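What follows is calculated from the coordinates using simple rules that are stated; it is not laboratory data. As the structure is a computational prediction, the values presented were derived from the model and not from experiment. As a convention, Cβ positions derive from the backbone with ideal geometry for all residues, glycine included, and neighbour counts pool all protein chains shown.
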Amino acid sequence: MTRAPFTADDYASAKSRPFQAAKALAPRKDKVKKDGPVVFQTGYGPSGLPHLGTFGEVARTNMVRHAFECLTGRETKIICFSDDMDGMRKVPPTVPNPETLEPHLQKPLSRVPDPFGTHESFSAHNNARLRAFLDQFGFDYAFQSAADAYSSGMFDATMVRVLEVYDEIMDIILPTLGEERRQTYSPILPISPSTGRVLYVPLLAGRHHR
């Protein structure tokens, strides 16, 4: 016997966690412009090869996305964002010739050589593996690289805005951090022009100026 299609009431009464999360988001749908999709985003740090946790991150977001569509009827899209401007904090034990990466510690992952020798950078290799991994499971997503986004100027206006409301951001974030991390936290991480390394340092001056 074939079950009748699910109705709006079925979706509204669903108790599963994706639907509960989507219900919490649904009231915000009217704040999103109606001539385009509602965007969901999942983040990924390409400091190593994709794994089960990576799969779970994308799978869970897709479940909420689908539930949101069922509840609201709105079109959606999901962006899988690679944080490949993050500094490489340690050399992964699973790469060939790990000693070749030691000189590149704290450099953006997009500027670390690929130890596998197949791509222009370590993050490019891991990003390619991630995309192949997601494609294998048929995920519908758009991929975005932080390195490409920053170099294109996509985040310029947002970074200026972060500096304008720097104190408000710090008032929200600092109470969530441990004492040691509070001493060095900054919402913007500069890259040293002399060493090429990401600087995990507090922002002390000039933050209120364009």
> Pairs of lysine in the chain with Cα under 24 Å and at least 8 positions apart or on different chains: total?
Replying inline: 12
>> Can you match Kirkwood radius over Cα pairs in Å to one of these, [x] 20.0; [y] 17.3; [z] 18.1, based on a calculation from the structure here?
In response: [x]
> Working out 0.36 nm times the residue gap between Lys77 and Leu25, then minus their Cα-Cα distance, what length gain in nm do you get to one decimal?
Replying inline: 17.2 nm
> How high is the FRET efficiency between Asp35 and Ala8 when r is their beta carbon distance and R₀ equals 30 Å, given to the nearest 0.05?
Replying inline: 0.80
> In what sequence, highest mean first, do 175-188, 52-65 appear when ranked by Cβ atoms within 10 angstrom?
Replying inline: 52-65, 175-188
